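Every read-out reported here was derived from the displayed coordinates using simple, explicitly stated rules and does not represent laboratory data. This is a predicted model, so every value here is computed, not measured. Please note: Cβ atoms are built from the backbone with ideal geometry, for glycine as well, and neighbour counts cover all protein chains shown.
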Amino acid sequence: MYERILVPLDGSKVGEAALPYVEKLVSKLSPKVKVEVILLQVVSLLTHYVVAGEASVSVPYTEKEMEQIEKKAKDYLDEVGKDLKSKRVIVKIRVGTGNAAEAIIKAADEIDADLIAMSTHGRSGISRWAFGSVTDRVLRGGNKPVLVVRAPKKAAQT
């Protein structure tokens, strides 16, 4: 049964499209099963560019900058988790770094998730080729069941 659900979020409304489905699933399981929802945000950009004239250089974030980025991610996850917490769901938050798909798969294994619930932007063709698909890489590279929710078109436009 689904006792531990990992929900990766990227900070967008599209990324949050799986949350209503997770809420429905949890409401059907509770109170028979104690469900824990782990909200995860992966910080993938570990460097930023400094531009001077026509030259630019990739500079890693300082430790202090990374702490600020992680705090912002945790604040976002806390805010998103309020609705679930109000329904007496155990909500935990995690912030990962690096490649998003790899970090999601790693987190799912570390917490021994029963399910990964995530949304997809629904890109196809050249757009998908250019941007890749984190969801697709999690589906193909992981060993946990994945609930994939296509974000509504109106969420993708905002």
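Using +1 at the Cβ of each Lys and Arg and -1 at the Cβ of each Asp and Glu in the chain, identify which of Ala107, Ala55, Ile5 lies farthest towards the dipole's positive end. Toward the positive end, the furthest listed residue is Ile5.
Basic side chains Lys and Arg get +1 at the Cβ, acidic Asp and Glu get -1 at the Cβ, and with that the dipole of region 4-157 about its Cα centre reaches some 860 debye.
Legend: distances between Cα atoms for Lys28/Lys87; Lys34/Lys71; Lys34/Lys85; Lys13/Lys74; Lys24/Lys82; pairs beyond 21 Å are Lys34/Lys71. For the chain, take the longest principal axis of its alpha carbons; what is the angle in degrees between that and the long axis of helix 63-86, to the nearest 10 within 0 to 90? So the helix axis and the longest Cα principal axis differ by about 30 degrees.
In the chain, one over the average inverse separation of all distinct C-alpha pairs is 16.7 Å, which is the Kirkwood hydrodynamic radius. Sorted on the mean count of surrounding Cβ atoms within 10 Å across their residues, most packed first, peptides 43-53, 88-98 read 88-98, 43-53.
Mind ordering 35-41, 103-109 by average Cβ neighbours within 10 Å, highest first?
35-41, 103-109
Stretching the chain fully between Ser27 and Glu54 yields a gain of 4.2 nm (0.36 nm per residue, less the alpha carbon separation).
When its C-alpha radius of gyration is set against 2.2 N^0.38 Å (N residues), region 22-67 gives a value of 2.20.
The Lys34 and Asp136 beta-carbon pair, evaluated with R₀ = 35 Å, returns a calculated FRET efficiency of approximately 0.65. When each of the peptides 60-72, 7-19 is scored by the mean number of other C-beta atoms lying within 10 Å of its residues, the order from highest to lowest reads 7-19, 60-72. Projecting the Cα positions of Ser27, Gly96, Val37 onto the charge dipole of region 7-98 (unit charges on Cβ atoms of Lys, Arg, Asp and Glu, taken about the Cα centre) puts Ser27 furthest along the positive direction. The relative contact order of the chain, computed from alpha carbon pairs under 8 Å that lie at least 6 residues apart in sequence, is 33 percent.
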